[in-house]
Amino acid sequence: MLLTDLILLSPLIVIAIFSVFTLLLLGFFRRPGVTLAIVITGLLFALLGALATSGLAPWNIVRLFLLDDITRFYMVLLILIGIVVIILQHQQRTEQPEELYLITSIAVLGALALVASNHFASFFLSLEILSISLYIMISYLYKERSLEAGFKYLILSGSSSAFLLFGIGVSYLATGTLDFSVIAQISPEMLSNPLWLGGIALTLVGIGFKLAVVPFHMWSPDIYEGASPPVAAFVATASKGAVLAFSLRYLLKLGLLNHPTLKTSLLIVAALSIIIGNLLALQQANIKRILAYSSIAHIGYLLIAITSGTSLAVESTTYYITSYIITMLIAFCVISVISRREEEDNLDSYRGMFWRHPWFAGALTISILSLASLPVTAGFIGKLYIVGAAFSASLWAPIVFIVIGSIIGLFYYLRVLFSLYGEPKEPRETTHIPKATALLTGLLVIALLWLGIYPNLFIDTIRSISE
Amino acid sequence: MILLALLLIPLLAGALSLLLGKKGDWPRWICLVGLGIDLGLALWLWLSPSTASLEHEPWIAEIDWPWITPLGIRFHLALDGLSLLLVLLTAFLGIIAVLASWRGIQERLGFYHFNLMWVLAGVLGVFLSLDLFLFLLSWELMLIPMYFLISIFGHEARARAATKFFLFTQGGGLLLLVAILGLYFLHLWATGEASFDYFALRNTPMSPQSAMWLMLGFFAAFAVKLPALPFHTWLPDAHTEAPTAGSIILAGLLLKTGAYGLLRFTVPLFPEAAERFAPVALVLGAAGVLYGAFLAFAQRDLKRLVAYSSISHLGFVLLGVFSWNTLALQGAVVQILAHGLSAGALFFLVGSLKERTGTRDMEQMGGLWSALPRLAAFTLFFSMASMGLPGLGNFIGEFLVLAGVYQVQVAIAALTALGLVFITLYSLKGFQKPFYGALSQSRVFPDLSPYEILALSSLAGLTLWLGLYPQTVLNTAAPALRALQSIAGM
């Protein structure tokens with residue numbers, strides 16, 4: 001038993017061991033390259049561990065974790081994000097970057113534990129590992145903006161954790177257990193218990209903060225703007241992806257969607273996120289802020305798919321999250337090259353980029369097209385999936401919101417595209433592009449197009465694991 | 001395989017143009033050769049003996065490959081007489097568009113021709129797809145390149161016009177997406193089979209109410225593109241700001257994808273709902289004819305005049321489709337082709353005029369006949385065609401449509417016939433203002449160059465052919481139209 005537990009948990013354990021080792025090593029030996037190599041090796045071993053155990057039956061580990069194929073899928077995704085982000089960080093040439101790599105890998109550890117957690121205790125613990133690492137990562141540049149962003153995240157995330165803890169406490173008061181598997185069994189009768197519902201609602205508020213859905217979205221643009229592009233990429237992809245993957249388990253397993261009021265309020269939050277996120281993005285001139293607001297809207301689309309609660313919910317959510325993650329990583333790869341200084345996040349710095357860096361501008365174009373869900377990118381099939389999931393549950397009003405939101409979204413996506421291909425305001429010098437970033441971007445673009453043009457293998461995989 | 005080649009050639013030519021964009025005139029020649037091959041292939045299909053001997057089975061060529069099987073998506077292309085005529089029009093107008101930009105476009109050639117070719121590929125995809133997912137993909141594929149053609153290579157107010165164009169059409173596209181998915185799920189629930197295939201979805205059992213909603217989704221998407229009356233406001237702006245080749249493609253082809261969608265999908269997929277909706281559509285069509293003509297008459301900008309005239313002419317297509325009898329359908333097909341040729345030619349001419357005089361404002365032009373006799377003569381010819389002079393293509397189209405509508409709704413036919421008067425008015429105005437009267441500018445302009453004459457005379461020749469002997473075209477379209485009618489059972 002113990003051996004199986006260890007093997008199944010190997011991704012978490014490996015990262016933990018490598019992190020402790022790096023931490024000790026950094027006391028007397030500091031080289032960015034070496035630290036990078038160690039951290040990446042740790043993540044690669046973790047990846048291997050997750051891949052090697054795929055196909056095994058769902059397995060509970062000391063009630064805290066539940067490892068099944070869908071969990072392992074998200075683990076693989078999160079580890080890959082970690083690798084990409086750390087490589088991007090290395091290209092940024094930050095001063096004293098060693099601890100940044102280390103903390104990023106610890107953040108990945110938190111994210112992995114989060115998607116595997118099957119218990120309120122492990123849920124809260126892993127979420128805090130993730131959040132605390134994020135405070136440090138966001139303020140790591142130690143500039144005014146990033147400190148401000150880090151502090152904002154600290155305060156808001158702290159208060160959301162308070163909501164969460166209180167909600168967990170109330171839920172415990174009502175049910176007497178923290179174990180999701182036990183709660184899942186008694187949830188049909190608990191659904192009429194106002195105390196428990198209140199507790200659950202409070203936990204959902206906490207999750208809503210982490211996902212930055214309306215009305216808990218205020219922090220997100222400042223974080224995106226203040227953090228360095230790789231860290232912003234991590235917040236946009238790994239942090240949100242992990243919380244979404246967790247909420248998928250949380251909402252579906254505990255049968256929360258069977259409660260009409262909860263379901264309706266989730267849909268209202270989704271609709272608000274779609275409309276307000278898209279509307280606020282219209283006003284922005286800073287590309288990172290545009291992406292931040294657009295991500296609010298995209299989480300809204302995803303919430304609709306999750307809330308549909310049909311057999312299509314897991315499949316469509318997983319497809320959409322994957323395509324969204326790849327899309328955002330591409331965008332931030334490009335941003336990390338172009339905006340080396342803070343004032344360069346403005347759309348004006350991207351004017352006429354196609355005529356200076358055709359390939360990179362092409363990559364950003366494909367990413368924007370995917371966000372706008374145009375063919376032949378993954379976003380196109382993703383939107384099909386989201387609307388399909390809504391259809392399968394006959395959620396007519398949300399479909400209307402998806403359509404309206406997508407139309408508003410086009411306004412600012414087109415603005416970004418227009419600047420990429422427009423006439424540059426003043427002649428600008430071409431920026432040096434690191435080879436590693438170029439390679440990463442290329443691979444990500446290929447992945448995005450592959451998902452958009454011939455996703456058979458991928459869809460078969462996520463369909464088999466989501467059953 | 002020929003169908004796949006038809007699609008792939010423009011895509012590859014476009015990509016190649018982008019890569020070789022910096023090498024002089026290479027992109028132009030690559031595109032010409034690519035479109036030439038496409039036109040050749042389409043002609044070969046047209047002239048092959050099997051096309052002539054079609055009786056009951058309308059499909060001339062077909063490929064049906066599995067694609068995204070988990071979702072029931074297939075790579076299903078097929079070509080019948082209707083598609084064939086439109087493919088021929090696409091390749092031909094594509095060549096004209098490349099010729100039309102020979103002088104006007106001198107910078108960023110590679111990117112320009114890339115967009116041009118990819119729009120054409122999207123248009124071809126629309127005309128050939130029988131899988132609704134593939135259709136939707138092609139439908140949206142043509143938008144982004146068209147957006148770039150307008151927003152980067154267009155005139156002064158191009159950014160706004162391009163955004164407006166994109167929002168309207170993409171809004172329609174999203175409705176189409178929702179409607180297609182709705183049909184997909186109804187079919188899935190009824191039969192347990194996941195499929196986007198035209199033939200499978202055609203027999204989906206559904207309640208009249210859901211049929212009506214889905215039909216409206218399809219109709220809205222195509223009506224925006226056509227454009228039918230309440231959805232037309234994007235068109236004058238987009239046309240006015242687009243570069244000449246962009247306008248040619250927009251008027252000649254993109255609008256036709258809307259007409260094709262109505263013919264191929266809206267009515268055959270939801271025959272009963274379409275029949276119930278027909279009175280509304282007929283009124284919208286007649287209103288489009290009249291309103292477009294009124295507005296065209298009020299314009300000072302020559303290009304806007306032609307743009308509004310498109311709204312008017314395509315009103316006939318809407319009338320033809322929703323009358324759904326043999327005469328009206330044949331008329332709609334001829335009108336689609338004739339308008340493609342005449343509007344393409346008129347935009348070509350307005351573009352040439354603008355290149356020479358530097359203005360599109362009719363008040364600033366006058367007496368140009370003596371300065372530009374050849375250009376003037378061609379403009380006269382195509383104004384007459386647009387006016388519906390017997391012997392030219394548009395006359396056949398409009399006459400057949402009116403005859404068809406008359407069988408269904410006499411009042412609508414009478415009202416629309418009244419529109420012909422206004423069409424004559426604005427056509428004459430659009431010709432008289434720039435070419436007669438006192439000569440406004442004393443500069444000497446170069447008249448049409450040989451390649452412009454070549455392009456325009458081929459357009460003129462085809463318009464004459466359509467007007468004098470439309471039977472060739474009608475014969476080609478007939479099996480396809482018969483099949484559509486028997487599907488719809490109306």
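The values are calculated or read from the model by the stated rules, or taken from the named source; none is laboratory data. Just so it is clear, the structure is predicted and the values come from calculations on it, not from any experiment. No Cβ is skipped: glycine too gets one built from the backbone with ideal geometry, and neighbour counts run over all protein chains shown.
Here's a check for you: in the range A:455-467, which residue that is at the interface with chain B (Cβ under 7 Å from one of its Cβ atoms) and farther than 14 Å from residue A:384 by Cβ is surrounded by the fewest Cβ atoms within 10 Å (Cβ to Cβ)? First the steps, then the outcome.
Going through the range A:455-467, the residues at the interface with chain B (Cβ under 7 Å from one of its Cβ atoms) turn out to be A:455-456, A:459-460, A:463.
Still in the list and also farther than 14 Å from residue A:384 by Cβ: A:456, A:460, A:463.
Working: A:456: 14, A:460: 12, A:463: 17.
Only one residue tops the list, namely A:460.
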Of the listed residues (A:413, A:385), the one being under 25 Å from residue A:311 (Cα atoms) and in a helix (DSSP H, G or I) is A:385
Give the residues of the range B:145-188 that are surrounded by fewer than 20 Cβ atoms within 10 Å (Cβ to Cβ), under 30 Å from residue A:394 (Cα atoms) and more than 9 Å from chain A (Cβ to nearest Cβ), sorted by residue number. B:186
Quick check: anything in the range B:126-139 free of Cβ contacts under 8 Å to residues at least 12 places away in the same chain, under 30 Å from residue A:401 (Cβ atoms), touching a Ser or Thr at 6+ places or on another chain (Cβ under 9 Å) and facing chain A (nearest Cβ under 8 Å)? no
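If you check residue A:26 against the conditions, is it without any contact (Cβ under 8 Å) to a residue 60 or more places away in the chain and either over 22 Å from the mean Cα position of the chain (by Cα) or under 27 Å from residue A:96 (Cα atoms) (or both)? Break it down into steps so the answer makes sense when it comes.
Numbers: without any contact (Cβ under 8 Å) to a residue 60 or more places away in the chain: no; either over 22 Å from the mean Cα position of the chain (by Cα) or under 27 Å from residue A:96 (Cα atoms) (or both): yes.
So residue A:26 does not fit the description; no.
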Here's a check for you: in the range A:374-394, which residue that is at pLDDT below 90 and at the interface with chain B (Cβ under 10 Å from one of its Cβ atoms) is surrounded by the fewest Cβ atoms within 10 Å (Cβ to Cβ)? A:394
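Just checking, which of A:316, A:336 is in a helix (DSSP H, G or I) and more than 26 Å from residue A:463 (Cβ to Cβ)?
Result of the check over A:316, A:336: A:336.
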What are the pairs, 6+ residues apart or on separate chains, where a residue within the range B:255-284 that is within 15 Å of residue B:220 (Cβ to Cβ) has its Cβ under 9 Å from a residue that is acidic (Asp, Glu) and assigned to a helix (DSSP H, G or I)? B:267/B:275
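Could you tell me whether residue A:410 is facing chain B (nearest Cβ under 8 Å), aliphatic (A, V, I, L, M), touching a residue at least 24 places away in the same chain (Cβ under 8 Å) and closer than 19 Å to residue B:139 by Cβ?
For residue A:410, the condition - facing chain B (nearest Cβ under 8 Å), aliphatic (A, V, I, L, M), touching a residue at least 24 places away in the same chain (Cβ under 8 Å) and closer than 19 Å to residue B:139 by Cβ - is met.
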Residue A:403 vs (1) more than 9 Å from chain B (Cβ to nearest Cβ); (2) closer than 19 Å to residue B:174 by Cβ; (3) without any contact (Cβ under 8 Å) to a residue 60 or more places away in the chain: all pass except (1)
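Restricting attention to helices (runs of 4 or more DSSP H) lying wholly within the range B:339-444, give those where 2 or more residues are crowded, with 16+ Cβ neighbours inside 10 Å and among the basic types (Lys, Arg).
On the way: elements: B:368-371, B:373-387, B:393-408, B:410-435.
Those helices (runs of 4 or more DSSP H) span B:410-435.
Being farther than 27 Å from residue B:187 by Cβ, without any contact (Cβ under 8 Å) to a residue 40 or more places away in the chain, touching an Asp or Glu at 6+ places or on another chain (Cβ under 7 Å) and among the hydrophobic types (A, V, I, L, M, F, W, C): is that true of residue B:9 here?
Details: farther than 27 Å from residue B:187 by Cβ: yes; without any contact (Cβ under 8 Å) to a residue 40 or more places away in the chain: yes; touching an Asp or Glu at 6+ places or on another chain (Cβ under 7 Å): yes; among the hydrophobic types (A, V, I, L, M, F, W, C): yes.
It is true that residue B:9 is farther than 27 Å from residue B:187 by Cβ, without any contact (Cβ under 8 Å) to a residue 40 or more places away in the chain, touching an Asp or Glu at 6+ places or on another chain (Cβ under 7 Å) and among the hydrophobic types (A, V, I, L, M, F, W, C).
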Filter result for the condition that a residue is within 13 Å of chain B (Cβ to nearest Cβ) and either more than 30 Å from residue B:156 (Cα to Cα) or modelled with pLDDT of 90 or more (or both), over A:397, A:363: A:397
For the list (1) farther than 22 Å from residue B:238 by Cα; (2) surrounded by 23 or more Cβ atoms within 10 Å (Cβ to Cβ), I need the number of the one condition that residue B:101 fails. (1)
Mind listing whichever residues of the range A:205-248 are within 11 Å of the chain's Cα centre (by Cα) and among the polar types (S, T, N, Q)? A:237, A:239
Only one of A:200, A:155 is at negative phi, β-branched (Val, Ile, Thr), assigned to a helix (DSSP H, G or I) and touching a residue at least 60 places away in the same chain (Cβ under 8 Å); which? A:200
Right, residue B:94: crowded, with 23+ Cβ neighbours inside 10 Å and without any contact (Cβ under 8 Å) to a residue 60 or more places away in the chain or not? no
Can you pull out the residues in the range B:465-479 that are farther than 17 Å from residue B:325 by Cα, hydrophobic (A, V, I, L, M, F, W, C) and surrounded by fewer than 21 Cβ atoms within 10 Å (Cβ to Cβ)? B:465, B:468
With the checklist (1) more than 9 Å from chain A (Cβ to nearest Cβ); (2) surrounded by 20 or more Cβ atoms within 10 Å (Cβ to Cβ); (3) of a type in the set (Phe, Trp, Tyr) in hand, flag the one item residue B:199 doesn't pass. (2)
Only residues in the range B:60-71 that are closer than 12 Å to residue B:1 by Cα count as the first member; pair them with residues that are modelled with pLDDT of 90 or more and of a type in the set (Lys, Arg), Cβ under 8 angstrom, at least 6 apart or cross-chain, and list the lot. B:64/B:74; B:65/B:74
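Quick grid of which residues meet (1) in contact with a strand residue (DSSP E or B) (Cβ under 8 Å, 6 or more places away or on another chain); (2) of a type outside the set (A, V, I, L, M); (3) at pLDDT below 90:
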| site | (1), (2), (3) |
| --- | --- |
| B:378 | no, yes, no |
| B:421 | no, no, yes |
| B:431 | no, yes, yes |
| B:436 | no, yes, yes |
| B:445 | no, yes, yes |
| B:448 | no, no, yes |
Which listed residue, of B:70, B:58, is within 14 Å of chain A (Cβ to nearest Cβ) and over 24 Å from residue B:456 (Cβ atoms): B:70
Residue count for the range A:416-441, restricted to those that are more than 14 Å from chain B (Cβ to nearest Cβ), surrounded by 15 or more Cβ atoms within 10 Å (Cβ to Cβ) and either at positive phi or in a helix (DSSP H, G or I) (or both): 4
Could you please tell me which pairs satisfy a Cβ distance under 6 Å, a separation of 6+ or placement on different chains, a first residue in the range A:305-316 that is more than 18 Å from residue A:268 (Cα to Cα), and a second residue that is at pLDDT below 85? A:314/A:466; A:315/A:466
Mind checking which residues of the range B:185-225 are modelled with pLDDT of 90 or more, out of contact with any helix residue (DSSP H, G or I) (no Cβ under 7 Å at 6 or more places or on another chain) and of a type in the set (Phe, Trp, Tyr)? B:213
